[in-house]
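Below: one structure, written as structure tokens.
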Amino acid sequence: MTGTPHYFLGVDGGGTGCRARVEDGSGAVLGQGLSGPATTRLGIEEAWASISRAFNAALDEAGFGQDEIAYTHVGIGLAGASRRDVFEALKAIPHPFASLDFVNDGMSACLGAHSGRDGAIVIAGTGSIGLGFVGGRNLRIGGYGFPISDEGSGADLGLKTIQLALRANDGRIEKTALLTEIMQRFHDDPMEAVAWMDRATATDYAAFAPMVMRHADQGDSVGRRIVQSAAEQIDTLVRTLFDLGAPRVTLLGGLSTPLEPWLAPDVRRRLKPADGDAVSGAIILARKAAEAL
């Protein structure tokens, strides 16, 4: 890598959108790009098309031609990239770059959170998972998919609240303001909730999480119990990662900020703010690949 300028391109390919950033060797940002969802659930071709739109926008903003692209190392964090068949299919895609490497989007977030050093993250969003790197080992706790896993996630909050709302509608438990508002979403008709359930995704369940958090913060007794239970699940993920040797843990995801005040004091004290985001982690991946050449 001596003598010729090298560049580093990071891409965060998630289920809701794709972000790309290109930097020079000193870390100066040269260009950025955005596109739509990039997850392997859409298929390899569609995911790659979205990734390409994002990195092409970044390269265009940087004013790169073929000469610069040929000296650009690329790291991509992609939702679903941890499956072996998917990983091999991605690695087989032809490209014009100096190098190209993939990891799961959670792992790129972990690299970014700790500047490439050993550490772990807990993601609390639509789903939940604990991930980390410790002494050359990859750590993974939970995150096996809703509804069988992803405890403490937005989807889990939504599911538990709807279950209790149906019980309250039957008169089996007390109906609080939260449970009343939930049933109003279904026009107070349990069969409408059943019809919704037949087509609902984890994202649909997670859409109820802000309502649950709002009622919990306002003192709703059921809301508080649901959120406290979710926080205890996140506590467990954090403590388990420390028990497995993670020297530092960061809480990430859409629920991380509203849920953090509900975490146990010992867990909150030990959490570390993120150094960087998933795009930063993807750039670290690109730099590691370049160093290995």
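Please list, by residue number, every one of the GluC sites (Glu not before Pro) in the stretch 142-197 that is coil in DSSP and has at most 16 other beta-carbon atoms within 10 Å.
Glu174
What share of all Cα pairs of the stretch 1-142, in percent, falls into each consecutive 5 Å distance bin?
2, 10, 19, 22, 20, 16, 8, 3, 0, 0
Using a 1.4 angstrom probe, figure out how much accessible area the chain has per residue, in square angstrom, rounded to the nearest whole.
Per residue, the chain has an accessible area of 46 Å².
Straight-line reach only, C-alpha to C-alpha below 28 angstrom: list the lysines that Lys288 could link to, leaving out same-chain residues fewer than 8 apart.
Here the lysines satisfying the reach criterion relative to Lys288 are Lys91, Lys272.
Ignoring ligands and nucleic acids, what accessible area does Lys160 show with a 1.4 Å probe (Å², nearest 10)?
Lys160 exposes around 80 Å² with every protein chain in place.
If you count the DSSP beta bridges with both ends in the stretch 1-120, what percent of them are antiparallel, to the nearest 5?
Counting DSSP beta bridges with both partners in the stretch 1-120, the antiparallel share is about 45 percent.
By per-residue mean of other Cβ atoms within 10 Å, what is the highest-first order of 59-71, 104-116?
Top to bottom by mean Cβ count within 10 Å: 104-116, 59-71.
Just to confirm a number: summing +1 for Lys and Arg and -1 for Asp and Glu over residues other than Leu30 whose beta-carbon lies under 12 angstrom from that of Leu30, what do you get?
Net of charged neighbours comes to -4.
Out of all DSSP beta bridges with both ends in the chain, state the antiparallel percent to the nearest 5.
Counting DSSP beta bridges with both partners in the chain, the antiparallel share is about 55 percent.
Asp217 to Met197: FRET efficiency via 1/(1 + (r/R0)^6), r the Cβ-Cβ distance, R0 25 Å, to the nearest 0.05?
0.40
Taking Rg/Rh (Cα atoms, Kirkwood Rh) straight from the coordinates, which label in (1) 0.98; (2) 1.04; (3) 1.18 is the correct one?
(2)
Tell me, in nm to one decimal, what length is gained between Asn138 and Arg41 on full extension, where the rule is 0.36 nm per residue of separation less the Cα-Cα distance?
That works out to 32.6 nm of additional length.
Leaving ligands, DNA and RNA out of it, report the carbon-plus-sulfur percent of the accessible area of the chain at a 1.4 Å probe.
Ligands and nucleic acids excluded, carbon and sulfur reach 50 percent.
Within the chain, which whole H helices from DSSP have a Cα span along their axis of at least 18 Å and a mean Kyte-Doolittle hydropathy of 0.5 or more, if any?
Span-like helices here: 278-292.
Okay, helix-only estimate at 222 nm for the chain: each DSSP H run of n ≥ 4 adds -39500 (n - 2.57), divide by all residues, round to 500 deg cm²/dmol; what do you get?
-14000 deg cm²/dmol
The values are calculated or read from the model by the stated rules, or taken from the named source; none is laboratory data. Treat the numbers as computed from the prediction; the structure is a model and nothing was measured. Please note: Cβ atoms are built from the backbone with ideal geometry, for glycine as well, and neighbour counts cover all protein chains shown. Only protein heavy atoms, including side chains, enter the accessible area calculation; ligands, DNA and RNA are left aside. Shrake-Rupley method; radii C 1.70, N 1.55, O 1.52, S 1.80 Å.
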